[in-house]
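Structure record follows, encoded as structure tokens.
The values are calculated or read from the model by the stated rules, or taken from the named source; none is laboratory data. These numbers were taken from a predicted model, which means no experiment stands behind them. With ideal geometry, Cβ positions are generated from the backbone for all residues, glycine too; neighbour counts draw on all protein chains shown.
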Amino acid sequence: MKKYITLVLTTALLISCGQKEASSASIDALIEGKKVTELQAKKSQLQADINKIDAALSALNVKVDEALVGIATVKDTLFTHYLEVQGNVDTKENILIQPEFSGTLIALNVKAGQQVSKGQILGRVDDAGLSQQLASLENQYALAKTNFDRQKNLWDKKIGSEMQYLQAQTNMVTAQKGVAQLKAQLAKTIIRAPFTGTIDEVYVEKGQVVGPGSPQGLMRIVNVSNMYVSTTVPETYVGKLKVGTEVDVLLTSIGKMYKGKVRQVGKFINPSNRSFGIEVSVPNPQGLLRPNQVAKLRIIDYTNKNAVVVPSNVIQKDADGNSYVYTVIDRDGKTGKAKKTIVKTGQSSDNLTEILEGVSADDVIVTDGVNTISEGMKLNF
């Protein structure tokens, strides 16, 4: 058989060579005779032969090898696309407590790490005699009030002068205001928790002289139960993000994923980077979130409840820029044939790509070994 094929090929080659020599002589003669029309006809004939040869070679070059591949059946599924941005964890309730009154810290009732409630007394500053002054003013007020009550009774009975009544009233009101002002001053000597939280750090000691405007304050109090993540997003998302939009919040430092919600959407576009700010509230049931932690936000901006999706790595590009996948046809048990299927792709997320056209639910696609196969190849799986 091999000898026969060799003989046929040799004969074909000799004939081809002879034809080539004759053809070359004919072409040379036409050129020499300046036969334009005949040369154009010859060119058309040769071009037709070249096209026929190209078509034959294309058909002969199709791989007929077999390949072992992995396959999967395409299903309708819920597909979501995320906008991923980075943000910082923060809380509105994270402050340095400053004294409002200058003096010696005569009481310090808390230590770092202690839980406190709103209004709880954290410490006290020496009032420098304000308590005694208040007691004296309260006595003056009590006397002024007694005098006013008597003058009022007399005035109601049309006894005494109006001036005596008004003078007694003025004295009482003045004493009352003096007591109120001194009580307000005295209240500043008491340091109270502005909200429920944790004393993160204490910067002073009992007996230390303190005063308003200290750079480090008395202590830091933090409430980690009302945490949020602040970040910025491109202006193209104006209208897509609303208060209440659900957001996945990933804290890589602790390996936790939380479900948050957009609680505030900025109304101002930053002209330098064309973005606007958002705040996402984050639950903190275990108390693991801390201010200034770095968080990765995944904001859902597109959802398709009945999407056809395939792994992104099975989609390839041909020389014409078309996206395609290999589907399985003529399936028979553990074998089938590869078919190049042009597809129109949509969004991509989490290594999955939405297919808008070309592949439908229940189609079988090649998932493993896509780079080793070609159109028409026999597949084993």
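Could you tell me whether the stretch 311-322 includes any residue that is part of a strand (DSSP E or B) and crowded, with 18+ Cβ neighbours inside 10 Å?
No, the stretch 311-322 contains no residue that is part of a strand (DSSP E or B) and crowded, with 18+ Cβ neighbours inside 10 Å.
Among the residues that make up the stretch 137-155, is at least one of them assigned to a loop (DSSP other than H, G, I, E, B) and at pLDDT below 90?
Among the residues of the stretch 137-155, not one is assigned to a loop (DSSP other than H, G, I, E, B) and at pLDDT below 90, which makes the answer no.
Is it fair to say Ile254 is more than 30 Å from Leu143 (Cβ to Cβ) and surrounded by 16 or more Cβ atoms within 10 Å (Cβ to Cβ)?
no
Taking only the stretch 332-347 into account, find how many residues are at pLDDT 90 or above and surrounded by 14 or more Cβ atoms within 10 Å (Cβ to Cβ).
Within the stretch 332-347, residues that are at pLDDT 90 or above and surrounded by 14 or more Cβ atoms within 10 Å (Cβ to Cβ) number 9.
Of the conditions (1) without any contact (Cβ under 8 Å) to a residue 40 or more places away in the chain; (2) farther than 30 Å from Thr91 by Cβ; (3) surrounded by fewer than 16 Cβ atoms within 10 Å (Cβ to Cβ), Val209 satisfies every one except a single condition; which number is it?
(1)
Among what's in the stretch 283-310 and is over 24 Å from Gly358 (Cα atoms), of a type in the set (Val, Ile, Thr) and modelled with pLDDT under 90, pick the residue that is surrounded by the most Cβ atoms within 10 Å (Cβ to Cβ).
Restricting to residues being over 24 Å from Gly358 (Cα atoms), of a type in the set (Val, Ile, Thr) and modelled with pLDDT under 90, the top hit is Ile299.
Of the residues Lys240, Lys261, which single one is touching a strand residue (DSSP E or B) at 6+ places or on another chain (Cβ under 6 Å), in contact (Cβ under 8 Å) with a residue 40 or more places away in the chain and in the same structural domain as Asn88 (by TED's automatic domain parsing)?
Lys240
Could you say whether any residue in the stretch 272-282 is buried (at least 19 other Cβ atoms within 10 Å of the Cβ) and not in a strand (DSSP E or B)?
no
Quick check: anything in the stretch 192-213 in contact with a strand residue (DSSP E or B) (Cβ under 9 Å, 6 or more places away or on another chain), farther than 30 Å from Gly119 by Cα and not polar (S, T, N, Q)?
Checking the stretch 192-213: not a single residue is in contact with a strand residue (DSSP E or B) (Cβ under 9 Å, 6 or more places away or on another chain), farther than 30 Å from Gly119 by Cα and not polar (S, T, N, Q).
Can you pull out the residues in the stretch 352-378 that are under 18 Å from Asp330 (Cα atoms) and either crowded, with 17+ Cβ neighbours inside 10 Å or at pLDDT 95 or above (or both)?
Selection gives Gly358, Val359, Asp363, Val364, Ile365, Val366, Thr367, Val370, Ile373, Met377.
Considering only residues that are within 18 Å of Thr303 (Cα to Cα) and surrounded by 12 or more Cβ atoms within 10 Å (Cβ to Cβ), which ones fall in the stretch 215-242?
Those that are within 18 Å of Thr303 (Cα to Cα) and surrounded by 12 or more Cβ atoms within 10 Å (Cβ to Cβ): Tyr237, Val238, Lys240, Leu241.
Take Tyr165 and tell me if it is modelled with pLDDT under 90, over 29 Å from Ile221 (Cα atoms), assigned to a helix (DSSP H, G or I) and over 52 Å from the mean Cα position of the chain (by Cα).
Answer is yes for this residue.
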